[in-house]
Amino acid sequence: MSDSTEFDLIVIGAGPGGYVCAIRAAQLGLRVACVEKRDTLGGTCLNVGCIPSKALLQSSENFLETTHAWKDHGIVVQGVSLDLARMQARKGEVVGANVKGVEFLFKKNKVTWLKGEGRITAPGQVSVAGTAYAAKHIVIATGSESMPLPGVAVDEKTIVTSTGALELDKVPGHLVVIGGGVIGLELGSVWRRLGAEVTVVEFLDRLIPGNDGEVAKQFERVLAKQGMKFKLSTKVTAATQTETGVSLTVESVKDGKTATLDADIVLLAIGRRAFTDGLGLAEIGVKLDGRGRVETDGHFATNIPGIYAIGDVIAGPMLAHKAEDEGVALAERLAGQAGHVNYDVIPGVVYTAPEVASVGQTEEQLKAAGIAYKVGKFPFTANGRARAMAQTDGFVKVLADAKSDRILGAHILGPDAGTLIAELAMAMEFGASSEDVARICHAHPSLSEAVKEAALAVEGRALHI
Ligand code: FAD
Ligand code: NAI
């Protein structure tokens, strides 16, 4: 071992969990290396997840607005056409700038990038591309991968995961999405806006499970208005490649009836699973849970001293900001500080149009837990700014404890919901009541007034409805 092979901390995986953990630990004075086998840093999120999907969501929304929305505003646009190659190239540029940004941050913070696949050979020992490295602490941040479905063989050309769906070089005639979750609805929206017929096949009788049921219902109606088709309570049992695309066999979960559904492209998006292949965890005895995730205690420690895990590879929502916050909290703990993540206040956003955003508990969860709560709701149809923007679909819903009035959850379907939810997340983090939010002066006319009005509505005193 030499100076260049010995570290205080080696993080395996440079996604939002791993790279943020590495940077924070380096800021706190630890000697840090981060192992990444991909050619670029940033993990799933920056390379094939959050960032490229948001680039295409923005471009496709711009396209749809230009072709459909401006007439109402008195703007006549003619001769609009789609240059998909340029749209995809721009997405590549956005990704490129982000991943290079992480490389710059590594250099700035003196984090060493160990290029290649990392394998833990023993506690305190990591091997990368034939070289042995030693570290006091090892963090597993190897993320997740798309969940396979028996009978549906992914080739990333006609049957694709999100990775292939971000790379299509032609708008499919008919895109069938398996799974009415976040990936299915975001990427389904991209290709719908660009002209594809989109059918979503969902096993359950609702979309975006885990989100508030009332929000999900209205969201389904809004997406249906945009032309998306849904086959709920339906499962795909087989996929056969044909000359022109794919023939899917679908079965009703309710009555077992089968039918066929022909698609040009099939997007498989039924969830993601923890990725631990090649790490050598079984050999050194790191425990996994029943779903293949690395088991950790409340402080990210595995059962093997000196080995920790964060992000998608452990339990909890598979979200970039959850992974990041875990990375920061763990780095701070390793540096002797008291890092902490509040799992009760992790917002989630679906970046469709309108957006869906939530934080805290849903009505379904509160009912199941037997917690008495009050509801305050306010629709965007009654918000002046939303009317001016012609984006009035959706509402804000605030759930507050029946006795203490403390906010327990908030759910928004509407324009810029992902930004609006931050106020309610902050309120919850500070233990605020609905009364506290209702008494904050909100600028007029702004979408945020809908948040204030929903908070007022908890006590039945909304002013504009
Ligand atoms: P990852 O980002 O998966 O990074 C793990 C890294 O580890 C990878 O780069 C991998 O190459 C590397 N690795 C694995 N094994 C090894 C090894 N043995 N040696 C070296 N390197 C290894 N989340 C949001 O919050 N907002 C969004 O808008 C959003 N959009 C998404 C869109 C899509 C299409 C997808 C697929 C996901 C999206 N997510 C989003 C989820 C988000 O990407 C993940 O929650 C996040 O990336 C998890 O971060 P992580 O650091 O745990 O793992
Ligand atoms: P998901 O868990 O959001 O949705 C999967 C859907 O597939 C569920 O509705 C489920 O009921 C359904 N399903 C499961 N098995 C099925 C089957 N056999 N047939 C039909 N439907 C089936 O998972 P998704 O969309 O794949 O996303 C994976 C992860 O990536 C999510 O956990 C999410 O947190 C993260 N992500 C986050 C984004 C964001 O924050 N904006 C964007 C994209 C992904």
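The values are calculated or read from the model by the stated rules, or taken from the named source; none is laboratory data. Given the structure is predicted, the values throughout are model-derived calculations rather than measurements. Cβ: placed from backbone, ideal geometry, glycine included. Neighbour counts: every protein chain shown. These accessible areas exclude ligands, DNA and RNA; they are computed on the full protein's heavy atoms, side chains included. Shrake-Rupley method; radii C 1.70, N 1.55, O 1.52, S 1.80 Å.
Search segment 24-42 for residues being outside any loop (DSSP other than H, G, I, E, B) and out of contact with any strand residue (DSSP E or B) (no Cβ under 8 Å at 6 or more places or on another chain), and hand back the single one that is farthest from Y308 (Cα to Cα).
Q27
List the residue pairs whose Cβ atoms are under 6 Å apart, where the first residue sits in segment 92-108 and is over 20 Å from A55 (Cα atoms), the second is in a helix (DSSP H, G or I) and at pLDDT 95 or above, and the two are 6 or more positions apart or on different chains.
As it stands, the answer is L105/I23, since those pairs meet every condition given.
Pairs please, first residue from segment 300-325 and over 22 Å from T121 (Cβ atoms), second anywhere and polar (S, T, N, Q) and part of a helix (DSSP H, G or I), Cβ atoms under 9 Å, 6+ apart in sequence or on different chains.
If the second residue must be polar (S, T, N, Q) and part of a helix (DSSP H, G or I), the pairs left are D312/T44; A320/T44.
Return a yes/no flag: does segment 340-359 have any residue that is surrounded by 16 or more Cβ atoms within 10 Å (Cβ to Cβ) and more than 21 Å from the chain's Cα centre (by Cα).
Among the residues of segment 340-359, not one is surrounded by 16 or more Cβ atoms within 10 Å (Cβ to Cβ) and more than 21 Å from the chain's Cα centre (by Cα), which makes the answer no.
Across segment 417-437, what is the total count of residues that are within 16 Å of the chain's Cα centre (by Cα) and at positive phi?
0
So K235 passes all but one of these: (1) touching a helix residue (DSSP H, G or I) at 6+ places or on another chain (Cβ under 7 Å); (2) open to solvent by 30 Å² or more (accessible area, probe 1.4 Å); (3) under 30 Å from K170 (Cβ atoms). Which condition number does it fail?
(1)
Please identify the pairs in which a residue from segment 188-213 that is more than 24 Å from T66 (Cα to Cα) and in the same structural domain as K229 (by TED's automatic domain parsing) has its Cβ atom under 6 Å from the Cβ atom of a residue that is charged (D, E, K, R) and within 10 Å of ligand 2 (Cβ to nearest atom), counting only partners at least 6 apart or on another chain.
Matching pairs, first to second residue: V201/K231; F203/K235.
Could you run through segment 367-414 and say how many residues are open to solvent by less than 10 Å² (accessible area, probe 1.4 Å) and basic (K, R)?
Summing the residues that are open to solvent by less than 10 Å² (accessible area, probe 1.4 Å) and basic (K, R) in segment 367-414 gives 1.
Being on the phi < 0 side of the Ramachandran plot and either in contact with a Pro (Cβ under 6 Å, 6 or more places away or on another chain) or part of a loop (DSSP other than H, G, I, E, B) (or both) is true for just one of L82, L64. Which residue is that?
Of L82, L64, the one residue that is on the phi < 0 side of the Ramachandran plot and either in contact with a Pro (Cβ under 6 Å, 6 or more places away or on another chain) or part of a loop (DSSP other than H, G, I, E, B) (or both) is L82.
Tally the residues that are in contact (Cβ under 8 Å) with a residue 40 or more places away in the chain and among the β-branched types (V, I, T), restricting the search to segment 437-463.
Qualifying residue count, segment 437-463: 2.
Hey, among A315, A329, which residue is outside any loop (DSSP other than H, G, I, E, B) and small (G, A, S)? Give the steps one after another, and end with the answer.
Details: A315 fails: outside any loop (DSSP other than H, G, I, E, B).
None of the other options fit; the residue is A329.
Tell me, please, whether a residue that is within 16 Å of ligand 2 (Cβ to nearest atom), under 24 Å from D393 (Cβ atoms) and part of a strand (DSSP E or B) can be found in segment 231-245.
Within segment 231-245, one or more residues are within 16 Å of ligand 2 (Cβ to nearest atom), under 24 Å from D393 (Cβ atoms) and part of a strand (DSSP E or B).
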